[in-house]
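Notes for the one structure printed next.
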Amino acid sequence: MTTAGTNGIEKFSAADLAGLREELLHAHLDSWQAADVISHYLATRGYGVSAPAARSTASRLESAGYPMDRMQEEFERLALVM
């Protein structure tokens, strides 16, 4: 579930992001697989996702160690409202 942040941008719940972060960290996925997981996460919340953009996002997040604040920022940019 998402909630509107103070600046009007959709925010993903901390619990959801933490669960996704744990999955990404412990599943030993490559960036293509991580992009699929991220795409599925966003799609189940009603957002469309560009596959190339998801792969770029997955690579950036992986290299940064999946920090929660960075995940939030990246997903706000990546998620396309359907």
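So how tilted is helix 51-64 from the main axis of the chain? Cα-based, degrees 0 to 90, rounded to 10.
Here the helix axis deviates by roughly 70 degrees.
Using only the alpha-carbon atoms, how far is helix 14-26 inclined from the longest principal axis of the chain? Give it as 0 to 90 degrees, nearest 10.
10
Using the per-residue mean of other Cβ atoms lying within 10 Å as a proxy for protection, in what order, highest first, do the peptides 48-59, 18-29 fall? Write down the numbers at each step before the final one.
On the way: 48-59: 16.8, 18-29: 13.6.
For the peptides 48-59, 18-29, the packing ranking is 48-59, 18-29.
How long is the gain from LEU80 to ALA64 if the chain were fully straight, where each residue apart is worth 0.36 nm and the alpha carbon distance is subtracted? Could you put the intermediate results ahead of the total?
Details: separation 16, 0.36 × 16 = 5.76 nm, distance 2.31 nm.
Full extension from LEU80 to ALA64 adds 3.5 nm.
Once label points are set 7 Å from the Cα along Cα→Cβ at both HIS40 and GLU73, what is their separation, rounded to one decimal in nm?
Inter-label distance under the simple model: 2.8 nm.
Which order do the peptides 62-69, 38-45, 74-81 take when ranked by the mean count of other beta-carbon atoms within 10 Å per residue, highest first? Before the final figure, lay out each step's value.
On the way: 62-69: 12.1, 38-45: 17.6, 74-81: 16.1.
The most tightly packed comes first, giving 38-45, 74-81, 62-69.
Taking Rh as the Kirkwood radius, which is the inverse of the mean 1/r over Cα pairs, what is the Rg/Rh value for the chain? Kindly include the intermediate steps, with their values, before the conclusion.
Details: Rg = 11.6 Å, Rh = 12.5 Å.
Here the Rg-to-Rh quotient is 0.93.
We did not get these values from a lab; they are worked out from the coordinates using the rules stated. What you see is a predicted model; the values in this text were computed from it and never measured. Note that each Cβ is placed from the backbone with ideal geometry, even for glycine, and that neighbours are counted across all protein chains shown.
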